[in-house]
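A.B. asks: Below is one structure. I have some questions about it.
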Amino acid sequence: MASRVPSTGQARSWCWSLGVGAVFLGSGCSGGQSGAEALGGNEPGGAEEECTPQLCEQAALADVQVLSQPRALDLAYVGASCSSTSVMTGSELGTVSGSACECALADGGVRAIGPVGLGCYVLGHGGECLWGDDEFQGCNINDPSSCDSVCAALEQRQEADAAKSYDAELVYTACGGTADGVNDCQSVVSIDGRCYANRDYNQARSYACALGAAAILEQHEVDTTPPQQPLILETSTPYLPGTDGMLQLTLAQEYWGTAPSPVSFSAYAQFFDVQGQSGQYGDVLDPLDGVDDCGVTRIGSTGAGANIQLLSVAQATLHDEGRDYALEEFRSSSDSYYAYLFDLSAAGVAPRPGGSYGFSASGGSFAGSIELGGIVLPDPLSFPGLMSARRLARGALDLTWTGRGEAPLRLSLQIQTTLADIFEPYRIDCLMADDGAFTIPASVLEAAPDGTATAYFTRERRLVVPSGGRSIQTISSSQVNHRFWLGPACDGSAVMAACQRSAAQIQARYAECSDVAPPSLESLCPDYLSESCNGCSEYFDCRAAATRCENGGLSSTSGCSCP
């Protein structure tokens with residue numbers, strides 16, 4: 001399943017599908033109108049058309065006509081497959097993961113049955129559920145015919161649904177304001193004695209008509225408003241409001257259990273107009289109260305993004321004691337995306353901790369010229385006690401590290417309770433005086449769930465520097481990330497064996513159809529898997545199947561998870 005990436009400058013949202021308020025990241029949202037999706041459509045009074053009583057009535061009456069008689073259905077499933085899928089519901093269900101049958105339509109669309117836990121997957125045009133959790137127990141991603149019978153039966157049910165007619169009647173229409181202040185069409189339609197609000201036939205939300213139109217509309221507003229969570233603002237954003245660009249000079253290393261990656265040293269720059277701030281919706285379980293403290297949050301599946309317009313430059317150059325390194329433009333599929341980078345470690349450039357660097361840029365749509373100096377790279381950062389750790393027990397954690405810095409050291413510890421490409425992490429954030437030692441209290445880690453943990457440690461110097469009438473944020477940092485299992489030990493030998501089989505297939509696909517070096521075995525199958533409790537062979541089978549040679553190149557999709 002290919003996940004959908006939110007575009008810069010927009011709130012992070014994904015396509016809504018499945019009739020249960022679910023956000024489905026993948027092809028299950030695309031194409032293939034069936035059942036209730038044929039009704040509804042664009043509301044009068046939205047962005048395209050001003051709401052009038054006449055337009056409201058016309059739209060609702062058109063639905064009544066469709067419901068009152070059998071309808072033609074041009075539907076043919078031409079393929080069936082089982083895939084591992086994650087669905088972010090936007091509700092108290094959180095993220096639902098598991099196997100799902102994907103029924104491919106001739107027009108390129110896909111209809112999904114699964115994963116278990118969503119309730120109803122496909123609804124009829126009268127609002128009833130055509131296929132729900134009670135009839136689906138998952139599928140086998142290693143069996144090509146696992147979903148053949150499911151998709152054949154789904155086609156029959158949808159054809160039978162199309163042949164139905166209902167006793168439908170328009171109860172109420174008017175133009176009125178919703179809770180968010182939008183003047184939209186308000187309508188109530190009765191279908192076989194049950195009432196539906198605002199043309200919401202594909203949500204399986206029906207009400208007793210005896211309640212009256214006003215009460216039905218009010219309850220529908222409550223039922224369709226997602227639960228409110230606070231927006232947790234991004235506190236270390238490179239896109240700082242009031243600045244015109246940023247330069248990041250980064251010294252970094254990763255540990256996959258006890259296996260270190262090579263040290264990387266790089267420069268990265270972007271130029272922009274930015275309005276607003278980014279953040280993620282979630283629950284603050286314990287606030288972070290200053291230096292030498294830790295806070296705990298549970299991050300949700302949605303967020304809000306700053307409005308960012310990226311700008312181009314004609315040249316961007318890092319200056320290093322008389323040597324100049326021209327940053328290269330990063331090319332993407334978007335004509336409006338601009339970023340500039342240089343891999344200093346690949347060029348054999350040694351970092352100079354404590355040394356000063358300069359930076360210049362000019363031209364392009366940035367339409368300015370800047371000259372910066374005094375960009376000092378912090379001391380290297382390492383945690384000797386974590387270098388040999390592939391599993392940590394929950395309890396007080398004593399940390400010691402090398403080097404010193406003026407600003408507090410920052411830790412973001414994210415815990416993933418199950419193996420999945422899409423997940424909602426339990427996150428611990430700490431600010432620590434950069435004096436070489438800190439203890440994460442036992443109460444913080446004992447309250448955390450068991451899971452795969454990734455600890456992101458950052459020592460950095462942030463400055464906003466004026467130059468050429470512009471303000472540029474410089475971020476020079478030393479980073480080290482450690483991945484390990486947090487919790488009691490389990491026998492993960494079978495999971496490790498499945499991972500190693502998957503890794504061999506993935507590396508073979510890289511060798512077959514990519515010029516990029518394949519990921520190392522240590523990063524694909526970290527040693528902590530042998531002691532972790534949240535793994536499964538299905539996840540790694542899915543990862544191998546999701547890495548393919550297609551259209552002359554390497555294709556890798558996401559969405560794998562444990563059942």
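Quick grid of which residues meet (1) out of contact with any Phe, Trp or Tyr (no Cβ under 7 Å at 6 or more places or on another chain); (2) assigned to a strand (DSSP E or B); (3) among the aromatic types (Phe, Trp, Tyr):
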{"site": "Gly242", "(1), (2), (3)": "yes, no, no"}
{"site": "Glu254", "(1), (2), (3)": "yes, yes, no"}
{"site": "Phe265", "(1), (2), (3)": "yes, yes, yes"}
{"site": "Gly290", "(1), (2), (3)": "yes, no, no"}
{"site": "Ile308", "(1), (2), (3)": "no, yes, no"}
{"site": "Val313", "(1), (2), (3)": "no, no, no"}
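A.B. asks: Does region 463-473 contain at least one residue that is more than 21 Å from Gly290 (Cα to Cα), among the basic types (Lys, Arg) and surrounded by fewer than 19 Cβ atoms within 10 Å (Cβ to Cβ)?
C.D. replies: Yes: one or more hits.
A.B. asks: Separate question: What tally of residues in region 274-299 results from selecting those that are among the acidic types (Asp, Glu), modelled with pLDDT of 85 or more and either in contact with a His (Cβ under 9 Å, 6 or more places away or on another chain) or surrounded by fewer than 15 Cβ atoms within 10 Å (Cβ to Cβ) (or both)?
C.D. replies: Adding up the residues that qualify gives 2.
A.B. asks: If you check Arg483, Arg509, Arg548, Arg462, which single one turns out to be in a helix (DSSP H, G or I) and of a type in the set (Lys, Arg)?
C.D. replies: None of the other options fit; the residue is Arg509.
A.B. asks: Would region 514-525 turn up any residue that is among the charged types (D, E, K, R), within 30 Å of Ala389 (Cβ to Cβ) and part of a loop (DSSP other than H, G, I, E, B)?
C.D. replies: Checked against the condition, which is being among the charged types (D, E, K, R), within 30 Å of Ala389 (Cβ to Cβ) and part of a loop (DSSP other than H, G, I, E, B), region 514-525 yields no hits at all.
A.B. asks: Quickly run through region 327-381 and pick out the residues that are assigned to a loop (DSSP other than H, G, I, E, B), closer than 25 Å to Asn481 by Cα and among the charged types (D, E, K, R).
C.D. replies: Arg352, Asp379
A.B. asks: In addition: Look through Ser493, Ser537 and report the one residue that is closer than 30 Å to Gly385 by Cβ and out of contact with any strand residue (DSSP E or B) (no Cβ under 9 Å at 6 or more places or on another chain).
C.D. replies: Result: Ser493 is the single residue among Ser493, Ser537 that is closer than 30 Å to Gly385 by Cβ and out of contact with any strand residue (DSSP E or B) (no Cβ under 9 Å at 6 or more places or on another chain).
A.B. asks: Which residues, counting only those in region 391-438, are within 21 Å of the chain's Cα centre (by Cα) and either in a loop (DSSP other than H, G, I, E, B) or acidic (Asp, Glu) (or both)?
C.D. replies: Thr417, Thr418, Leu419, Asp421, Ile422, Phe423, Glu424, Pro425, Asp429
A.B. asks: Hey, can you tell me all the residues within region 261-273 that are surrounded by fewer than 19 Cβ atoms within 10 Å (Cβ to Cβ), in contact with a strand residue (DSSP E or B) (Cβ under 6 Å, 6 or more places away or on another chain) and of a type outside the set (Gly, Ala, Ser)?
C.D. replies: Val263, Asp273
A.B. asks: Return only the number of the condition from (1) touching a Ser or Thr at 6+ places or on another chain (Cβ under 9 Å); (2) surrounded by fewer than 14 Cβ atoms within 10 Å (Cβ to Cβ) that Glu512 does not satisfy.
C.D. replies: (1)
A.B. asks: Take region 211-238 and flag every residue that is in a loop (DSSP other than H, G, I, E, B) and either outside the structural domain of Gly373 (by TED's automatic domain parsing) or more than 30 Å from Ala350 (Cβ to Cβ) (or both).
C.D. replies: Gly212, Thr225, Pro226, Pro227, Gln228, Gln229, Pro230, Glu234, Thr235
The values are calculated or read from the model by the stated rules, or taken from the named source; none is laboratory data. Since the structure is predicted, the reported quantities are computational estimates derived from the model, not experimental observations. As a convention, Cβ positions derive from the backbone with ideal geometry for all residues, glycine included, and neighbour counts pool all protein chains shown.
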